[in-house]
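The values are calculated or read from the model by the stated rules, or taken from the named source; none is laboratory data. What you see is a predicted model, and the numbers here were worked out from it, not measured in a lab. Cβ atoms come from the backbone with ideal geometry, glycine included; neighbour counts cover every protein chain shown. Calculation scope for accessible area: heavy atoms of the full protein, side chains included, ligands and nucleic acids excluded. Shrake-Rupley method; radii C 1.70, N 1.55, O 1.52, S 1.80 Å.
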Amino acid sequence: MADPVSWYLIERGWEVVGSDGETLGKVEETVGDSTHDIFDGLTVATGLLGKARYVPAELVGEIVEGRVTLTIDRQRFEQLDDYKEPPPTEEVEAP
């Protein structure tokens, strides 16, 4: 059994598994701010033609090398929103 690891180590392509042990997809990217150690969640690719789904951090259970296990099953996973890229941030100059 592998030891749990930090969200910092999650890599694209890691397997994402539901609470029932069923494979749900692959990690596409992690969403967060590593500078402030804030983990927001994951985007999970569900297949070649499927849209990536966004999984908030509170639904992420165990993280071990090569695999992320969620606290929800496939049925709940399929109800999650598709991932929408956030708009680019614009720097506002001080007056």
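Magnitude of the charge dipole for the chain, about its Cα centre and with charges confined to Cβ atoms of Lys, Arg (+1) and Asp, Glu (-1), is about 440 debye.
What number, in percent, do you get for the relative contact order of the chain if the mean sequence gap of Cα pairs under 8 Å and at least 6 apart is divided by its residue count? If you can, show how the numbers build up before the last one.
Numbers: 173 pairs, mean separation 26.6, N = 95.
It rounds to 28 percent for the chain.
Sequentially through the range 75-84, phi angles give Karplus couplings (6.51, -1.76, 1.60; θ = phi - 60°) of 4, 5, 4, 5, 8, 5, 5, 5, 6, 10 Hz, Gly and Pro residues having no value and appearing as x.
For the options Lys51, Lys84, Lys26, a Gaussian network treatment of the chain with springs between C-alpha atoms closer than 10 Å singles out Lys84 as fluctuating the most. Taking the accessible area of the chain, probe 1.4 Å, and keeping the other protein chains in place, the carbon and sulfur fraction comes to 49%.
Couplings 3J(HN,Hα) of the range 16-23, computed from phi: 10, 10, x, 5, 8, x, 7, 5 Hz, in residue order, whole Hz [Karplus 6.51 cos²θ - 1.76 cosθ + 1.60, θ = phi - 60°; x for Gly and Pro]. Annotation: amide H-H contacts under 5 Å for Val64 (H modelled 1.01 Å from N, sequence separation of 5 or more, or interchain): Val5, Thr69. The convex hull built on the alpha-carbon positions of the chain has an orientation-averaged projected area of 7.5 nm². Solvent-accessible surface of the chain, averaged per residue with a 1.4 angstrom probe and all protein chains in place: 70 square angstrom.
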